[in-house]
Amino acid sequence: MSEALDLSLRDQAAAIAAGEAEAEELLEATLARIAERNPALNAVVETFPERSREMLAAAPGGPLHGVPVVIKDEWPLPWRAQRFGAAEMLVPTAPGESGPYRALRDAGAVIVGVGNMHELGASSTGNVSVYGPAHNPWNLERCPGGSSSGPAAAVAGRLVAGAVGADGVGSIRYPAAYCGLTGLKPTFRRSAMDGHHMAAISTTIVSGPLCADAADCRLLGSVLFGEQLEAGDAAGLRIGVISDEVSADVAPAVREACETAIENLRRETGGEVREIQLEELQAATLATVLIANSEGLLGATPQRLNDLDPELSPIARGFLKYRMLLPAAAVVKSQQVRGLARHRLAAIFDDVDVIAWPTVPAVAPPLEAPLVELPSGTLTADQANVRGGALANLTGIPAVSVPIGSSEGLPVALQLQAAWGRDELLLDAAEALERANGRRWVDSVPPLARGAADPAGA
């Protein structure tokens, strides 16, 4: 059954449906692989073999029948409350049937474990968690990205072929970039969100898939969306690029790889590249941070903040208290910036189909010191990454991170963003990129998952 373990998500589903693989054997092999590889990765923080076997026994004949998946520690399950990667949360949580759980269950999938995540979802690095940090399968001393660190590390390490993450400010795309995966941030409200502790108030968070390639993201995304994400060909793609720090203040190797990928995408689709202007981008980044932090005040009172569990990291406690100091006027102004950014994007998407820039400006930094060296100087990874990740969450547009190269033995990724509801087009464009580079990067496997260096050169 080891062969089936290394199949794509769609091929695992097809093999089970055709009777070429036994779902029961695949489940047991997956649990064994988690036991073997997870101690080095810390990607999966809890397994529940009996619950997984019960899910399989009751699984309907859906598109993911019998396929093992991991779900982020941001979603409640009927037998487990989410912990959000933290010793304590500001709001009470309880076991329950979250929207992603129901979507997976109804598709016949089997949840085999809960994925690690950055504490309180508060960073793009994944280097802090109540469970200890997850590790990047490409280099165990590097950040896996956050906050969906565990789901990304689990898929990149080939523990499972697909995982469900959440993206509030880039939290699917950052780990996809650092771990060499394809990660889709859906159009706001298009994917399952029921049961999330902030579902009623968040205007930025979405659930989404993390997989090796776009076709697997299309399959898992269709399950989370509750509708089929039909495939197209992205012919004649109009690609928008921007001359701004998001594409210029980038490590040279990353910039070169992204520029090459954009040109390859243009050639593959018979499209064109157009320069666009987005003067609101820096203001939009700040507005996203302010809105996300203000919405994170749910359950916060001075007394509650003073009684926080001491096991919560000092940084997390500081951030929670900082949120209480946010001026209401700044949050109101942020909503005005959101309106301006949406209006501007609507005009831009009349002229281009996608906007392309690096998902993150540098490869995964060290876990111990998540700093990146850019032309402008040394920045924290969070300072640098948010510049490219925030816009999609502020405005609600979909975005996808696609692996397109390598530097220092670590993945490099390009982000594509499209107009509201055009998630399918992003997956079409991602598949065009895969064709353009002969699937070199989506088929690359980290040494941890091969037992030897990857011949693809990643």
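The values are calculated or read from the model by the stated rules, or taken from the named source; none is laboratory data. Keep in mind the model is a prediction, meaning the values are calculated, not measured. In this analysis, Cβ positions are derived from the backbone assuming ideal geometry, glycine residues included, and neighbour counts consider all displayed protein chains. Just the protein is used for accessible areas: all its heavy atoms, side chains included, with ligands, DNA and RNA removed. Shrake-Rupley method; radii C 1.70, N 1.55, O 1.52, S 1.80 Å.
Averaged per residue, the stretch 150-301 has 31 square angstrom of accessible surface, using a 1.4 angstrom probe with ligands and nucleic acids left out. Between the amide H of residue 206 and those of 167, 168, distances stay under 5 Å, these residues lying 5 or more places away or on another chain, with hydrogens modeled in the peptide plane. In terms of packing, defined here as the mean over residues of other Cβ atoms within 10 angstrom, the peptides 191-204, 128-141 line up highest first as 128-141, 191-204. The alpha-carbon positions of the stretch 1-160 define a convex hull whose volume is 98 Å³ per residue. Relative to the compact globular guide of 2.2 N^0.38 Å, what is the alpha carbon radius of gyration of the stretch 361-428, as a ratio? Ratio of Cα Rg to 2.2 N^0.38 Å: 1.27.
With each label modelled as a point 7 angstrom along the Cα→C-beta vector, the residue 342-residue 329 pair spans 2.5 nm. Close amide H contacts of residue 77 (hydrogens built in the peptide plane, cut-off under 5 Å, sequence separation of 5 or more or a different chain): 82, 96. Between the stretch 353-389 and the stretch 206-225, the alpha-carbon centres lie 24 Å apart. Which whole-angstrom value gives the distance between the alpha carbon centres of the stretch 295-332 and the stretch 1-47? Result: 40 Å between the Cα centres.
FRET efficiency for residue 383 and residue 440, Cβ-Cβ distance as r, R0 = 25 Å, nearest 0.05? Efficiency computed from Cβ-Cβ geometry: 0.20. For the stretch 348-440, the per residue solvent-accessible surface stands at 28 Å², with DNA, RNA and ligands left out and a 1.4 Å probe. Can you work out the base-10 log of I(q)/I(0) for the stretch 137-222 at q = 0.13, 0.15, 0.18, 0.22 1/Å, using the Debye formula on its C-alpha atoms alone? Result of the Debye calculation: -0.37, -0.48, -0.68, -0.96.
Close amide H contacts of residue 162 (hydrogens built in the peptide plane, cut-off under 5 Å, sequence separation of 5 or more or a different chain): 70.
For the chain, the antiparallel share of DSSP beta bridges with both residues in that region comes to about 70%. With loop membership from DSSP and a limit of 15 other Cβ atoms within 10 Å, the longest segment of the chain without trypsin sites (Lys or Arg not before Pro) is 190-438.
Using a Förster radius of 35 Å, what is the FRET efficiency between residue 28 and residue 311 based on their Cβ-Cβ separation? Nearest 0.05, please. Intermediate values should be presented prior to the final figure.
Details: r = 34 Å, r/R0 = 0.98.
In this case the efficiency is close to 0.55.
Of all lysines in the structure, those lying under 19 Å Cα to Cα from residue 185, and not within fewer than 8 positions of it along the same chain, are 72.
The phi torsions of the stretch 407-412, fed into the Karplus equation with coefficients 6.51, -1.76 and 1.60 and a -60° offset, translate into couplings of 8, 6, x, 10, x, 10 Hz, rounded to whole numbers, with Gly and Pro shown as x. Normalised by 2.2 N^0.38 Å, where N counts its residues, the alpha-carbon radius of gyration of the stretch 73-221 equals 0.93.
Among DSSP beta bridges whose residues both lie in the stretch 147-279, state the antiparallel percentage, nearest 5. Walk me through the numbers before you get to the answer.
Values: 8 of 13 bridges.
The antiparallel proportion sits near 60 percent.
For the chain, the relative contact order works out to 17 percent when only alpha carbon pairs closer than 8 Å and six or more residues apart are counted.
Roll a 1.4 angstrom probe over the protein heavy atoms and tell me the percent of accessible area of the chain that is carbon or sulfur.
52
Of the residues 395, 420, 377, the one whose Cα sits farthest towards the positive end of the charge dipole of the stretch 326-458 is 395 (charges of +1 on Lys and Arg Cβ, -1 on Asp and Glu Cβ, taken about the Cα centre). Computed over the chain, the convex hull of the alpha-carbon atoms projects to a mean area of 19.2 nm². Taking the empirical scaling 2.2 N^0.38 Å for compact globular proteins as reference, the stretch 247-341 has a Cα radius of gyration ratio of 1.63. The heavy atoms of residue 65 present about 60 square angstrom of accessible area, all protein chains included, probe 1.4 Å.
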